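The values are calculated or read from the model by the stated rules, or taken from the named source; none is laboratory data. No experiment lies behind these values; they were computed from the predicted model shown. Cβ placement follows ideal geometry from the backbone for every residue including glycine, while neighbour counts extend to all protein chains displayed. Side chains are part of the model used for accessible areas, which takes the heavy atoms of the whole protein and leaves out ligands, DNA and RNA. Shrake-Rupley method; radii C 1.70, N 1.55, O 1.52, S 1.80 Å.
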Amino acid sequence: MLNLSNCQNVTHTGLSSLINGTEQLQQIILAYGSSVTSDLVKCLNAYSKLQSIKLDGCTVTWSGIKAMASLHSPVKELSLSKCLGLTDDGLSFLVQSHKDLRKLDITCCRKITYTSIDIITNSCTSLTSLRMESCSLVPKEAFVLIGARCSFLEELDATDNEIDDEGLKSISRCSKLSILKLGICSNISDEGLAKVGSSCSMLKEVDLYRSVAISDAGIAAIGDGCPALEMINIAYNDKITDNSLVSLSKCRMLKALEIRGCLGVSSIGLLAIAVGCKQLTVLDIKKCFNINDNGMLPLAQFSQNLKQINLSYCSVTDVGLVALASISRLQNMTILHLAGLTPNGLAAALLACRALTKVKLHASFRPLLPQSILGYMEAHGCVFHWRDKAFQVRLTEGNGSQGMEAALWKEQQ
């Protein structure tokens, strides 16, 4: 494998010299480097074992496309994410010459349309992985082709696309599907998700971030039909309640759960997760305002494999945080804007967490914590990240105890 990512000044001359004589070359990564020209691609012609080519972020020329189509090696993986200049004509020409492709990444290729998906699914019927996040010109009808023609598919990333329930019903034919990403897909509903849940029992990872039409009924189908589920993201879906967490508690292999911004969940649902999902290692409950100490206590009792948690903006106090600190494997905590947290409670929790390697805290706590505690933890390998982000709220009328609702936004970690 040769990785020349971000080497923008390496031309075909340097590449040719570098790989000369490397008969075993199987993978080359030229992401975010020089323009993909015919001269650059021709350097790869002699390598009969080359199976993986990654050109993410590169400018692809028509001459480069034709040269790649002429490669004699059995290319199985092609990554063209964010490639400037890639159109239906170029992509179609390329995949028709490499029909044995198993993995194709066309993330953020915003010029491709139905035409490309039609030819990809017709030519590369053995695809096991198709990543096509934010292919904004691909219409909903194209996703029906994927399920109808690519029955061996194991991974599909359709984040931020026009896929609808008919597309999901078609994709449910892919019985080997293990990774399905449907974040920011506003056209899908419980109807399509239910078909996936009943047909794709091998699913391990599901992403439904901000797919706002999904509710408890759709999640119930996943909980009932996907016992191998290891990761699910249902963040910022306001139709999700504790019933979804009860459904997911049947997934005994669940390791990562992200429910940030789900205003309808509470400590009751988290109790079900703690009792049912003892393999849980990553938990994000940020902005789940109805989760309080009553949710932390069962985590402390049952979730001894937990390594990472984000409980910012929750209603957790000193009592809950100190209880959480009893988890011996806990390594990473994000604790911002916990109204019930005091410096003494935070200090006690930090000292009790023996395995901590990373803690994200509000900067206001820094002068209030004993420097000896901070020094002790840093000496034992813990890194503190101090944030000075203001607490933001939006007042809503007629919601009783939920009258103060945090403004929801996606924050970069």
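Here are some notes:
- One residue alone among 17, 97, 5 is open to solvent by 20 Å² or more (accessible area, probe 1.4 Å), farther than 26 Å from residue 153 by Cα, more than 28 Å from the chain's Cα centre (by Cα) and not aliphatic (A, V, I, L, M), and that residue is 17.
- With respect to (1) open to solvent by less than 40 Å² (accessible area, probe 1.4 Å); (2) of a type outside the set (D, E, K, R); (3) touching a helix residue (DSSP H, G or I) at 6+ places or on another chain (Cβ under 7 Å); (4) closer than 19 Å to residue 351 by Cβ, the lone exception for residue 322 is condition (1).
- Residue count, the range 186-242 (criterion: open to solvent by 60 Å² or more (accessible area, probe 1.4 Å), within 18 Å of residue 171 (Cβ to Cβ) and assigned to a helix (DSSP H, G or I)): 3
- Number of residues in the range 264-287 that are open to solvent by 40 Å² or more (accessible area, probe 1.4 Å) and in contact with a strand residue (DSSP E or B) (Cβ under 7 Å, 6 or more places away or on another chain): the value is 1.
- Residues (touching a helix residue (DSSP H, G or I) at 6+ places or on another chain (Cβ under 9 Å) and among the charged types (D, E, K, R)) located in the range 141-169: 141, 149, 162, 164, 165, 166, 169
- Taking every residue in the range 189-211 that is closer than 16 Å to residue 239 by Cα and pairing it with any residue that is of a type in the set (Phe, Trp, Tyr) and surrounded by fewer than 24 Cβ atoms within 10 Å (Cβ to Cβ), at least 6 positions away or on another chain, the pairs with Cβ-Cβ distances below 7 Å are 209/236; 210/236.
- Residue selection: residue 334 satisfies the criterion of being polar (S, T, N, Q) and crowded, with 18+ Cβ neighbours inside 10 Å.
- Test: residue 260 is out of contact with any Leu (no Cβ under 8 Å at 6 or more places or on another chain), farther than 23 Å from residue 162 by Cα, touching a residue at least 40 places away in the same chain (Cβ under 8 Å) and outside any helix (DSSP H, G or I): yes
- Among the candidates 50, 25, 91, 104, residue that is under 19 Å from residue 135 (Cβ atoms), touching a residue at least 24 places away in the same chain (Cβ under 8 Å), hydrophobic (A, V, I, L, M, F, W, C) and not in a helix (DSSP H, G or I): 104
- Every pair of residues 6+ apart whose Cβ atoms lie under 6 Å, when the first sits in the range 130-146 and is closer than 10 Å to residue 113 by Cβ and at pLDDT 95 or above while the second is acidic (Asp, Glu) and open to solvent by 50 Å² or more (accessible area, probe 1.4 Å): 139/162
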